[in-house]
Amino acid sequence: MRKLFKLPYAPLVVAIFALYLAITYWPNVAGLLKTLLAAAMPLLIGCVIAYIVNLLMVRYEGLYHRVFKGQRAQRFARVTALCLAYLSIVVVIGVVSSVVAPQLVACVKLLFSGQSKVIPQFINWLENESFLKSLWQQIDLSKINWTKVQSYLLNGASGSFSTVMSTASKVVSALTTTVVAIFFSIYLLLFKDRLDRQFKLLLTTYLPGQVARILRVLTVFDQSFSSYIVGQVKDAVVLGCSCTVLMLILQLPYAPMVGAVMAVTALVPIIGALMGASVGIIVIFAVSPVKALIFLVMILALQEFDNRVTYPLIVGKSIGLPSVWVFVAVMVGGGVSGILGMMFTVPLFAAFYQLLKTDVAKRQLN
């Protein structure tokens, strides 16, 4: 047995045997993987949060080092930068919510007010006495199966209670996952230097010949994702502010709300701005169809300007992925996991594209 594991093909044999077991007992393996994924989901979300917050925290930390030069003050650089990063995110979310929520409520009130005659007319129709009397006269109580009615009401009440309990359980589970993810992200950010040393120690211990290659691949992925996130956020802010200013100039309603929605949806590549524009058209159409048409023309012009001027200037070629592959990445990501898939597959494709491009160029030279 010892001689077998000393043979050069022993790892391959073990891998093939493990693959055979996984295929043979795939339902059990899939159930185990699903359970492990569900258990690790708060930690995975925490990793994503930590990565995004770290992009902002690094900048605050660099600013702190430039302002405070004392050695004693440097001890608080990480904690201060972490607090400022999370505080900035909370402030942005609060500002956007304070802008969107009041105007959204006003829009809903407008839809249910005199501007929309359908609902008031329906209520008046139900309140008509002649209608109620004629309906009551057509009902034959003797033909009603009251046993089935009682059973239906009891089952409906039981089903409603189960639905309420299930919804409450999902809400509590989501809140728990969010809290655990945030605390785990804080832990990762506070001790990221120690975790980085431990990770490199594991690489040098178990994969000494592959350390440089692994670190190079991870660097490419890090640059791809960070460039994409920073570039998309900058472009989204510029697009949202431009939309708000143009709407104020054209005297279109709900300018701050539509601009904020445009900025948020613009984080999704290609179709994000169209999603925000559709929301704007709906809410403006409730006020004036003519203004909705003006908004549509404005958005088309603004989107064309953003695609040709703003986006290349802000993001540039930092991602390094041709437009055709961006479209493919968006379609694949949307088909796999919806909007989140669209957002994450673009930098993923960009990283693979850069690695493949580098490897092809290297092989061509050889």
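Spatial offset of the stretch 186-242 relative to the stretch 27-42 amounts to 26 Å, using the alpha carbon center of each. Under the criterion of Cα pairs below 8 Å and six or more residues apart, the relative contact order for the stretch 205-352 equals 25 percent.
Taking 0.36 nm per residue of separation and subtracting the Cα-Cα distance, full extension of the segment from K357 to V324 would add 10.3 nm. Rounded, prolate or oblate: which one fits the stretch 214-366, using the alpha carbon gyration tensor with axes a ≥ b ≥ c (rounded when a/c is under 1.5, else prolate when a/b beats b/c, else oblate)? Prolate.
Here the gap between R75 and L313, fully extended at 0.36 nm per residue and compared with their Cα-Cα distance, gives a gain of 81.9 nm.
What does the charge count near L356 come to, summing +1 for each Lys or Arg and -1 for each Asp or Glu among other residues with Cβ under 15 Å from its Cβ?
Once all neighbours under 15 Å are counted, the net charge is +4.
Accessible surface area normalised per residue over the stretch 178-309 is 55 Å², counting heavy atoms of protein chains with a 1.4 Å rolling probe.
Give me the net charge for the shell around Y60: Cβ to Cβ below 13 angstrom, other residues only, Lys and Arg +1, Asp and Glu -1.
On the way: positive: R59, R66, R78; negative: E61.
Here the charged neighbours net out to +2.
Computed from the C-beta positions of F183 and A30, the FRET efficiency with R₀ = 22 Å rounds to 0.15.
Which of the peptides 276-286, 202-212 is most tightly packed, and how do the rest follow, judged by the mean count of other Cβ atoms within 10 Å per residue? Display every interim value, and only then the final one.
Values: 276-286: 19.3, 202-212: 10.5.
In decreasing order of mean packing, 276-286, 202-212 become 276-286, 202-212.
Distance between the modelled labels on V14 and S278, one decimal in nanometres: 5.1 nm (7 Å Cα→Cβ projection).
Over all other residues within a Cβ to Cβ distance under 14 Å of Y86, the charged ones net out to +1, with Lys and Arg as +1 and Asp and Glu as -1.
The values are calculated or read from the model by the stated rules, or taken from the named source; none is laboratory data. A quick note: this is a predicted structure, and the numbers were derived from the prediction, not measured. Using ideal geometry, Cβ is built from the backbone for each residue, glycine included, and neighbour counts are taken over all protein chains shown. Areas reflect the complete protein model, heavy atoms only, side chains present, ligands, DNA and RNA absent. Shrake-Rupley method; radii C 1.70, N 1.55, O 1.52, S 1.80 Å.
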